[in-house]
Each structure stands twice: as structure tokens, then as C-alpha cells.
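So the structure is just underneath, and the comments pick up after that.
The values are calculated or read from the model by the stated rules, or taken from the named source; none is laboratory data. None of these values were measured; they are calculated from a predicted model. FYI the Cβ positions are ideal-geometry reconstructions off the backbone, even for glycines, and counts take in every protein chain you see.
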Amino acid sequence: MDLWIIRMVLFAATIISGYLVRPFHLSPSSTLILSSALGLLIVLVEIRVRRCSLKALIGAAIGSILGIVGASLISVVIGRMTLDPATGTFAQVMVLILMTYVGLVLGANKAEYLDLSALGGIFSDRSLKKSYKVLDTSVIIDGRVADICKTGFLEGTLAVPHFVLRELQQIADSADSIKRNRGRRGLDILDKVKQVPGVSVQIVEKDYPDVKEVDLKLIELAKELGAKIVTNDFNLNKVSQLRGVDVLNINELANALKPVVLPGETMKVFILKEGKEYNQGVAYLDDGTMVVVDNARRMIGKTIATQVTSVLQTTAGKMIFGRFPEETENNFPQRPERRPYEKNERSDRPVYEEDREKVKGR
């Protein structure tokens with residue numbers, strides 16, 4: 001709002017100056033039209049220049065200076081030519097405009113080749129430009145972001161929008177005890193993040209009344225700040241990518257850090273429960289990865305060595321499939337086969353040798 005007031009003052013000053021000076025001996029009405037057009041042009045150029053990076057501005061300035069120097073040298077040559085004075089002046093002005101314009105455009109386009117760090121940080125905009133990371137409600141409640149901040153993998157400023165804090169407060173004040181505990185946990189996590197050395201947490205008061213959903217507000221704020229969204233919400237991740245906003249997904253980071261297991265390797269697991277298929281056992285690694293082991297149903301409650309057969313990566317996480325070696329299974333004592341001794345005369349049930357020994361013993 002203050003910037004627009006300054007622009008209006010500049011626009012009015014341009015009109016008043018043109019009316020008082022009366023350039024080119026124009027009429028009052030023509031002077032007002034020319035001054036208004038000039039003031040509007042200045043405001044439009046200022047709005048466009050504000051979007052340019054510091055490198056582009058420095059490159060454009062250097063290119064313009066070089067263009068003016070080149071135009072001056074060419075003007076010296078034109079001045080020594082036998083031309084009509086009006087024609088020579090016109091040619092010099094056109095060369096000056098052309099060379100300045102070419103230098104301005106080329107300097108701005110090739111600004112990426114400038115190394116501002118070589119100037120000792122005088123013209124560097126790194127200290128002014130902040131790298132924002134916008135935190136989502138779900139990732140705050142999840143809590144793992146605090147551990148990631150402690151390790152130093154999240155740099156820059158962590159932006160917490162005011163509408164996210166309001167949502168956390170509503171969850172913390174919920175009548176449901178589970179939701180209430182989740183909301184309070186989120187507020188505690190924010191306090192832990194603020195206490196981590198080297199981490200800056202900034203509360204952003206920006207809101208978008210026209211947007212109702214919190215996820216869409218996060219996307220709009222990230223676009224405005226040029227920030228990335230930190231979340232573990234799968235749907236928000238997809239929508240943000242469609243809107244052209246970068247996302248840091250905590251779940252994807254956790255899956256990427258899980259140990260790599262290749263088919264053919266042997267690993268020790270604790271069979272916790274029965275699997276869905278026949279004769280399967282299910283185990284879990286320390287990071288929560290599910291391990292499905294064939295021929296391990298009878299080993300529930302025991303730690304076994306299984307051979308990995310395949311690894312399946314899904315959106316929900318990683319699943320490891322293994323097989324309990326048959327030779328290991330055969331090492332367990334088997335019940336001896338009972339051989340029939342003779343046929344019972346009173347029934348069709350056969351009489352076994354072990355049963356006859358028991359009868360003799362009586």
C-alpha cells in the first residue's frame with residue numbers, strides 16, 4: 001500500500017513538472033497528455049524492474065554502459081563524415097539508442113555468467129534473499145521435522161502461516177481426545193523447532209480470504225514467497241507439483257534412507273504374525289519395513305534367517321519378500337513314520353507296532 005502511494009506521488013510530480021516546464025512549447029492539454037504517458041511509463045518500468053534479479057540488473061547496467069561507449073566512438077566517425085547537419089545528428093542519436101538497447105538486452109540475458117561472489121559479497125543478494133520452507137499442518141503434527149532440523153538438513157527460514165497455527169489451535173481445542181492430543185503435539189513440535197540452533201522460524205501473517213482450503217492457501221503462499229512446501233500429505237504433494245510448486249515430502253525422505261536390500265541376501269528377522277497367503281510369516285524391520293517370508297508360518301515368535309527373493313517399492317513404502325530355506329526347515333526334528341503291524345480283527349483300524357509295545361508293557 002505504501003509503495004502505491006509513492007507511485008501516485010511520482011505520477012503527480014511528473015504531471016506537474018511537465019505542466020510547469022512546457023517542453024517543446026506544447027499546448028497545456030498536449031503537455032498533460034505527454035506528462036501522463038511519461039509518468040505511466042516510469043511506473044510500469046519500475047514494476048517490471050522489481051521482478052528482475054540483482055544479476056540481471058547489474059548485467060543490464062554494464063551492457064548499457066558498453067553500448068553507450070560504443071555509440072560514442074561511432075558518433076565520432078559519423079561527425080567527421082560530410083553529411084547534412086540534421087542527418088548527422090539524427091544518425092548519431094539513432095546509433096546511441098540502438099547501441100544502448102542492444103547492450104541492455106544482451107547484458108540482462110548474459111547476466112547468469114556473472115560471478116558476484118568475486119566482488120567480496122558487495123553486490124551479492126544472498127544475504128537479502130531468504131530460502132523459505134513452508135510447513136504444513138500434517139508435517140508439524142508428525143514431529144519428524146524437528147529431528148530433521150536438528151541434523152541440519154533443513155536450511156533457510158521455516159515459514160509457519162498464520163492459518164496453519166489457527167488450524168493447529170482448533171485441533172488442540174477439539175472435544176475428541178485423540179485430535180486434542182495431536183494438536184497439542186503439533187504446538188510442542190513447533191516450540192522444539194524454534195529452540196534448535198541455526199533454525200529460523202517465522203510466523204507469516206499472510207492470508208487468502210478468497211481461498212477456503214488450507215492446502216490451496218499453502219500453495220498460493222509458496223508461490224508468493226518462492227518457497228518449497230514441507231509436508232507428508234500425499235494429495236498435497238501431487239496438487240503442489242501440478243501447480244508448479246516444489247515439495248519436500250518427509251515420507252519420501254524416510255523411504256530413501258531405508259537400507260538397501262538386494263535379492264539373494266540373507267537377513268535375520270523376527271516372525272511376528274501369520275501372513276495372508278498359505279504358510280507365510282510376517283516380520284518388520286526397525287524402520288517399519290514389512291518382510292513377508294514364505295515357509296515361516298511355523299516360526300512365529302522366533303528369529304530366523306531368511307533369504308531375500310524380491311523387493312517391492314510402493315507409494316506406501318517398501319516391502320521385502322523372502323523365503324525360509326527348506327534345508328533349514330528340514331533340520332527340525334520330524335515325527336517318525338508309524339508303520340502298521342497287523343490289522344485289528346474287531347475294526348478296520350490298523351494296529352501299530354508302537355501301540356502293541358504299550359499293551360505288552362501293561
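Below, the figures for the structure above:
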| quantity | calculated |
| --- | --- |
| Subset tally (residues that are among the charged types (D, E, K, R), part of a loop (DSSP other than H, G, I, E, B) and in contact with a helix residue (DSSP H, G or I) (Cβ under 8 Å, 6 or more places away or on another chain)) for segment 153-199 | 1 |
| Qualifying positions in segment 4-35 - surrounded by fewer than 15 Cβ atoms within 10 Å (Cβ to Cβ), small (Gly, Ala, Ser) and assigned to a helix (DSSP H, G or I) | 12, 13, 17, 29, 30 |
| Unmet criterion (only one of (1) out of contact with any Asp or Glu (no Cβ under 9 Å at 6 or more places or on another chain); (2) at pLDDT below 60) for residue 311 | (2) |
| Segment 172-207, residues that are out of contact with any Cys (no Cβ under 7 Å at 6 or more places or on another chain), in contact (Cβ under 8 Å) with a residue 24 or more places away in the chain and of a type outside the set (D, E, K, R) | 183, 186, 189, 190, 198, 200, 201, 202, 203, 204 |
| Residue within segment 111-126 that is at pLDDT 80 or above, under 36 Å from the mean Cα position of the chain (by Cα) and either crowded, with 16+ Cβ neighbours inside 10 Å or among the polar types (S, T, N, Q) (or both) present | no |
| Segment 215-242 residues that are over 17 Å from residue 156 (Cβ atoms), paired with ones that are surrounded by fewer than 23 Cβ atoms within 10 Å (Cβ to Cβ) and of a type in the set (Lys, Arg) (beta carbon under 7 Å, 6 or more apart) | 219/243 |
| Unique residue being at pLDDT below 80 and out of contact with any Ser or Thr (no Cβ under 9 Å at 6 or more places or on another chain) when the list is 346, 298 | 346 |
| Subset of segment 141-152 (residues that are part of a helix (DSSP H, G or I) and either free of Cβ contacts under 8 Å to residues at least 40 places away in the same chain or exposed (fewer than 13 other Cβ atoms within 10 Å of the Cβ) (or both)) | 147, 151 |
